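The values are calculated or read from the model by the stated rules, or taken from the named source; none is laboratory data. Every value quoted in this text rests on a predicted model; they were computed, and no experiment measured them. Quick reminder, even Gly has a Cβ in these numbers, built from the backbone with ideal geometry, and neighbours come from all protein chains shown.
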Amino acid sequence: MSASPAPPRAAPATHPAHALDALARGFALGGGAVLLAVMVVTVASVIGRGLFGRPIPGDFELVEIGCAVAVFAFLPYCQITRGNVVVDLFTRGFGARTRAWLDRLHALVLAAIAALFAWRLALGGVELRAAGETSMILGVPIWWGFAPIVASSALLAVVALHMAFSGGGRSRP
């Protein structure tokens with residue numbers, strides 16, 4: 001009796017589009033984890049305030065930084081999955097080629113804006129670090145929040161460039 005041959009293995013996902021998709025998904029999952037942590041801190045602080053008269057000191061600082069990090073972490077995934085809201089009031093009557101061209105133009109403009117954000121936020125974070133700027137209650141260095149936001153903005157720029165020049169991303173549902 002002979003053993004049946006093993007099923008063929010799928011080719012490794014080494015294409016840049018797969019890597020960008022995986023990276024954007026990882027950032028979104030990280031953003032979700034941060035948002036979950038923010039929710040836990042908020043609930044614990046409210047319970048502590050209600051039951052013991054002692055909220056978590058600096059809870060609003062953690063929520064502020066965490067929400068900013070989470071929102072920026074979701075942006076690359078939203079772009080690569082074409083999850084942005086599209087108002088097609090004026091383009092509804094255009095042909096598919098014209099709409100595709102406009103989508104690519106939009107991606108190119110978004111890439112430029114995201115790159116500008118990454119650059120300026122990086123400079124701002126460096127300045128905040130040099131100045132030793134910290135949050136008022138917890139004394140958390142403010143630049144800590146800038147680092148993941150700069151990375152998310154840079155990834156958004158790369159994803160948008162990919163979509164502008166390759167028409168990449170996942171198709172709209």
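Looking only at residues in the range 70-85 that are of a type in the set (A, V, I, L, M, F, W, C) and surrounded by 13 or more Cβ atoms within 10 Å (Cβ to Cβ), which one is farthest from Pro148 (Cα to Cα)? Break it down into steps so the answer makes sense when it comes.
In the first step, residues of the range 70-85 are kept if they are of a type in the set (A, V, I, L, M, F, W, C); the result is 70-75, 78, 80, 85.
Right, trim to surrounded by 13 or more Cβ atoms within 10 Å (Cβ to Cβ) and you get 70-75, 78, 80.
Values: Ala70: 9, Val71: 11, Phe72: 8, Ala73: 8, Phe74: 11, Leu75: 12, Cys78: 17, Ile80: 19 Å.
Ranking the candidates gives Ile80 first.
Applying the selection to the range 113-134, what residues are surrounded by 15 or more Cβ atoms within 10 Å (Cβ to Cβ) and touching a Pro at 6+ places or on another chain (Cβ under 8 Å)? Explain how you work it out, then say what you get.
Taking the range 113-134 first, the residues surrounded by 15 or more Cβ atoms within 10 Å (Cβ to Cβ) are 114-115, 117-118, 121-122, 124-125, 128-129, 134.
Matches in the range 113-134: Leu128, Arg129, Thr134.
A quick yes/no check of all residues on (1) of a type in the set (Gly, Ala, Ser); (2) closer than 22 Å to Arg25 by Cα; (3) over 22 Å from the mean Cα position of the chain (by Cα); (4) modelled with pLDDT under 95:
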residue	(1), (2), (3), (4)
Gly93	yes, no, yes, yes
Gly125	yes, no, no, no
Ala130	yes, no, yes, no
Leu156	no, yes, no, no
